[in-house]
Every structure is written in C-alpha cells, then in structure tokens.
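Input: a single structure, listed below in structure tokens.
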Ligand SMILES: NC(=O)c1ccc[n+]([C@@H]2O[C@H](COP(=O)([O-])OP(=O)(O)OC[C@H]3O[C@@H](n4cnc5c(N)ncnc54)[C@H](OP(=O)(O)O)[C@@H]3O)[C@@H](O)[C@H]2O)c1
C-alpha cells in the first residue's frame, strides 16, 4: 500500500480507502462485512469512511476495527443528513453537530473520531457556528481533524478564509464524487481551490458504484449479487446503466487490458493520477474485490493513455446521476 498526506495536514491515509455506504450494516451480511474490513486492514488500507446516515454502518465498522490498535487506522465519519423528524435533527448547527458527534462515538465504540466531515453544506447555519463547533470538538479531543463533503469551490474558499480570520484549526479534507464519468470537481475548480487551501481530496464512488469494473455489459442481464440487482441499493446506480455509458466501459476495459490491468484497477489509478487526491474510497461487498482493486496503486497512466481515455469518454454526454 502507498500512503499520501491528507492535504497540508500531517495525517497519512492509504491511497485506497474503504467505505461503508450501502454495504456494511445494510446490504452486506455482517460476517462478510467483517471479512472485507479485515482484508482491507491486512492489505494496508488505513482509511475507513462511514457516516451517521449510513444506517447500521458505524456499529459494524467500529466493531470490526476493535480487532486492531486504535492508532493503526484513520476513522472518518460524517454529520448533516436528518437523524429524526425534529427541527434540530439535521444540518450543521452547533447543537446537531455536538449531539451527533457523541452519538457517532457511541455507535463506533471509540473515544475519538480521526476525521469528522460535514456531509453537505448547510445554507441555514452560519458557517462561523459550524466551524467553531468543529474546533471545539477538536479541543475536547472528540475529533482530531475536520473536513467537508461535496462543498463547492466558493464554499471551501469562504470557510477557509473565515477559519483563518478566526484563528480556528483548518479544514483538511473534502470528499466529493470523482470518477471517469463524474468530473465536476475538475470543471468547477474544486480540485484547484482545495489545493490552494491545503485541503486533500478523498474521492468517493471512484468505480461509479461498480459500473467501472466492467461487470455490467451492454445487452447482458444485470449480474445477480450486484448492487444494481438489489432493489434496496440500486436507486442511484440504475441511472448509470445507460447504453452509451456501458459501451464506453467496454472500450475502457479494452484499453485497461492493453496495459495489463483490469478496468477497476485502471479507473482507480485514473483518479489517483491527481496529486491532490489523497485517497480513493471504494466500496466492497466481498474481500476479493479489495484484493483486485488495491493493485491500482502500481499503475502510472501516461499522457498518451489519458488522451485515448478522453476520446473514448467523448461518446458520453449529459451525465451526472449523483448531482
Ligand atoms: N460523501 C458522500 O456523500 C458519499 C456518497 C457516496 C459514497 N460515499 C463513500 O464512498 C464509499 C464508496 O462509494 P461506492 O460504494 O459508491 O464506491 P465504488 O467503489 O464506486 O463502488 C463500490 C461497489 O462496486 C462493486 N465493486 C467494487 N469493486 C469491484 C470489483 N473489483 N469487481 C466487481 N465489483 C466491484 C461493489 O458492489 P457490488 O459487488 O454490490 O455490485 C462495491 O460495493 C462509500 O462506502 C462511502 O463511504 C460518500
């Protein structure tokens, strides 16, 4: 495994991280979840991501990681999405952040969270209130670092500048979606702004939920035991399953084969070509997927291959199911 600094911070995270959305605590049986988490750890993955909104995931991840010394992994969770019907059961107010941090610590069964992330931007809470709450949690030792997820370049710029004015600890990470099909962070200046602020990117759905593994073939039935075959998990992935997208994955898979790698390894190496991407967080429903995917870290993608990728991708238009 290789490790990169998370932005300007001293924290080092594995180039491949393991997430828990729509898998651990939900679609994936607990025994298999535990096998995936221990496989990831054994292969050198030290970055584990979850959220208070991934039902059941914090407990499963926290339990599985108890097998290892607390200092040997970086545990990240998030706050923002509704946790109840009450007017204060959501968002990034001081009240909700403080209460949810305690609830996450309990579910994770740990004394501190390494990276606490604002899952989305909250338009209804002054940013100063949110930043001060995160800074206070750090002073209390409940979290070590804070970050955000899916914030725009201007939201990141404003928060970083206010944090400096108020002399608060800086945000160190942003977690956006990024894969061969979903590239708004390139176009909307998010990568550049984060780099400027010393904020590292931890990108999610780097395999487009499995589409970029090549297992969904145009004209073929959806494989059983896949995210797309399960009505509880296929809400978003179904919008990826377009003919032009799948035709494109066939061509990308051929290109990957020329380089001696699988499509999933190629897709992960493609996001990791960006120096400010600190980690690509994969999901996995079985340990063998992790074994295959981590080999991505050894692949360097040349400029010539990058331009062939652009040519292949030019056949896909108007694509943004997650935005
Ligand atoms: N911040 C946010 O708003 C946000 C949003 C979404 C996700 N996330 C984070 O990012 C993590 C990853 O997201 P994701 O699950 O969408 O990532 P992904 O890596 O794009 O997709 C993961 C899924 O692809 C399939 N897969 C992976 N490797 C494979 C392989 N080698 N061969 C065949 N199939 C393979 C598996 O699904 P099946 O085997 O079930 O088909 C796996 O669960 C989440 O767990 C979460 O921690 C964050």
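Read-outs throughout are calculated quantities, based only on the coordinates presented, and are distinct from any laboratory measurement. Treat the numbers as computed from the prediction; the structure is a model and nothing was measured. With ideal geometry, Cβ positions are generated from the backbone for all residues, glycine too; neighbour counts draw on all protein chains shown.
For region 99-180, what D do you get in µm² per second when you plug the Kirkwood radius from alpha-carbon pairs into Stokes-Einstein at 37 °C and 0.692 mPa s? Write out the running numbers ahead of the final one.
On the way: Rh = 13.3 Å.
In µm²/s, the coefficient rounds to 247.
Subtracting the Cα-Cα distance of residue 225 and residue 123 from 0.36 nm times their residue separation leaves 32.8 nm of extension gain.
Every helix of 4 or more DSSP H residues in the chain counts as -39500 (n - 2.57), and over all residues that averages to -11000 deg cm²/dmol at 222 nm.
Note on residue 311 and residue 70: the model spin-label points, each 7 Å out from Cα along the C-beta direction, lie 5.5 nm apart. Taking other C-beta atoms within 10 Å as the exposure proxy, 12, 90 rank 12, 90 from fewest upward.
Please say if region 271-323 is rounded, prolate or oblate, where rounded means a/c under 1.5 for a ≥ b ≥ c the square roots of the C-alpha gyration tensor eigenvalues, and otherwise the choice is prolate for a/b larger than b/c and oblate otherwise? Verdict is oblate for region 271-323.
Need one word for region 1-133: rounded, prolate or oblate. Basis is the Cα gyration tensor (sqrt eigenvalues a ≥ b ≥ c); a/c below 1.5 gives rounded, then a/b vs b/c decides. Oblate is the answer for region 1-133, as a/c is 1.5 or above yet b/c matches or exceeds a/b. If the chain linking residue 241 and residue 291 were pulled fully straight, counting 0.36 nm for each residue of separation and taking away their Cα-Cα distance, it would gain 15.5 nm. If you take the Cα centroid of region 289-317 and the Cα centroid of region 1-62, the two points sit 23 Å apart. Stretching the chain fully between residue 38 and residue 192 yields a gain of 52.0 nm (0.36 nm per residue, less the alpha carbon separation).
For region 164-299, the square roots a ≥ b ≥ c of the C-alpha gyration tensor eigenvalues yield an a/c of 1.5 or more together with a/b exceeding b/c, which makes the shape prolate. Between residue 83 and residue 259, the simple spin-label model (points 7 angstrom out along Cα→Cβ) gives 4.1 nm. Against the chain, whose longest principal axis comes from its Cα atoms, helix 94-108 is set at around 60 degrees. Enter the angle in degrees (range 0 to 90, nearest 10) between the Cα long axis of helix 127-139 and the first principal axis of the Cα atoms of the chain, meaning the one along which they spread out most. Roughly 80 degrees, rounded to the nearest 10.
Size of the chain from its Cα atoms: along the principal axes, largest to smallest, the extents are 52, 41, 37 Å.
List 22, 1, 98 from most exposed to least, where exposure is judged by having the fewest other Cβ atoms within 10 Å.
So the residues, fewest neighbours to most, are 1, 98, 22.
Relative to the longest principal axis of the Cα atoms of the chain, helix 303-313 runs at roughly 80 degrees.
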